[in-house]
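Colleague: Would you mind keeping the following structure in view while I ask a few things?
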Amino acid sequence: MSVLVAFSVTPMGVGEAVGEIVAEAVRVVRESGLPNKTDAMFTEVEGDTWGEVMAVVERAVQAVAARAPRVSAVIKADVRPGATDMMIRKVESVERHLSQR
């Protein structure tokens, strides 16, 4: 099974400049060893099981919570038995369809 999760964590109550605190969450994800990528809005992480991926998300939220009085988290998951490398393959599929026109 493949579990692909896109999530964002926002520290609240710390002012507008939150990049340093958000970087702590991204550091947790990168150190997990799971495939991941970060863009301006979300961090994606992919693993073999729900528990494996959600444990990383939980640690990322905890890292932000250690530095902020409140944390907002948005989580979206794609759970697909038998799939692998969804983070790459889903984008490749869209790009393939775009190139056909």
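Every number here is computed from the coordinates shown, using simple stated rules; none is lab data. Not measured: the values here are computed from a predicted model. Reconstructed Cβ throughout: ideal geometry from the backbone, glycine too, with neighbour counts over all protein chains shown.
Colleague: Residue by residue through the stretch 29-37, what is 3J(HN,Hα) from phi via Karplus (6.51 cos²θ - 1.76 cosθ + 1.60, θ = phi - 60°)? Round to whole Hz and write x for glycine and proline.
Modeller: Those phi angles translate into 5, 5, 6, 5, x, 7, x, 7, 7 Hz.
Colleague: Also: Restricting attention to the chain, which GluC sites (Glu not before Pro) occupy a DSSP loop and are surrounded by at most 11 other Cβ atoms within 10 Å?
Modeller: Here the GluC sites (Glu not before Pro) that fit, given the DSSP loop and packing criteria, are 16.
Colleague: Taking only Cα atoms, what is the 0 to 90° angle, nearest 10, from helix 50-65's long axis to the longest principal axis of the chain?
Modeller: The helix 50-65 is inclined about 30 degrees to the chain.
Colleague: Here is a follow-up. Between residue 48 and residue 66, what is the label-to-label distance in nm when each label sits 7 Å out along the Cα-to-Cβ direction?
Modeller: With each label point 7 Å from Cα toward Cβ, the separation is 2.8 nm.
Colleague: When the helices in the chain are scored as -39500 (n - 2.57) per DSSP H run of 4 or longer and the sum is shared across all residues, what 222 nm value do you end up with, to the nearest 500 deg cm²/dmol?
Modeller: It lands at -14000 deg cm²/dmol.
Colleague: Length gain on complete extension for the stretch residue 84 to residue 23, per 0.36 nm per residue less the alpha carbon to alpha carbon distance?
Modeller: Stretched fully, the residue 84-residue 23 segment lengthens by 19.2 nm.
Colleague: From Cα pairs below 8 angstrom and at least 6 apart in sequence, can you work out the relative contact order of the chain, rounded to a whole percent?
Modeller: Relative contact order for the chain comes out at 44 percent.
Colleague: What list of ³J(HN,Hα) values in whole Hz, one per residue of the stretch 81-90 in order, does the Karplus curve 6.51 cos²θ - 1.76 cosθ + 1.60 (θ = phi - 60°) give from phi, with Gly and Pro shown as x?
Modeller: Each residue's phi maps through the Karplus curve to give x, x, 8, 9, 6, 5, 4, 8, 5, 5 Hz.
Colleague: Another one. Which one of 74, 17, 36 is farthest out on the positive end of the charge dipole of the chain, using unit charges on Cβ (Lys, Arg +1; Asp, Glu -1) and the Cα centre as origin?
Modeller: 74
Colleague: Which residue, chosen from 97, 60, 47, occupies the Cα position most advanced towards the positive end of the dipole of the chain, where the dipole is computed from +1 (Lys, Arg) and -1 (Asp, Glu) charges on Cβ about the Cα centre?
Modeller: The residue sitting most towards the positive pole is 97.
Colleague: Need the full-extension length gain, residue 40 to residue 55, defined as separation in residues times 0.36 nm minus the C-alpha distance. One decimal, nm.
Modeller: 3.2 nm
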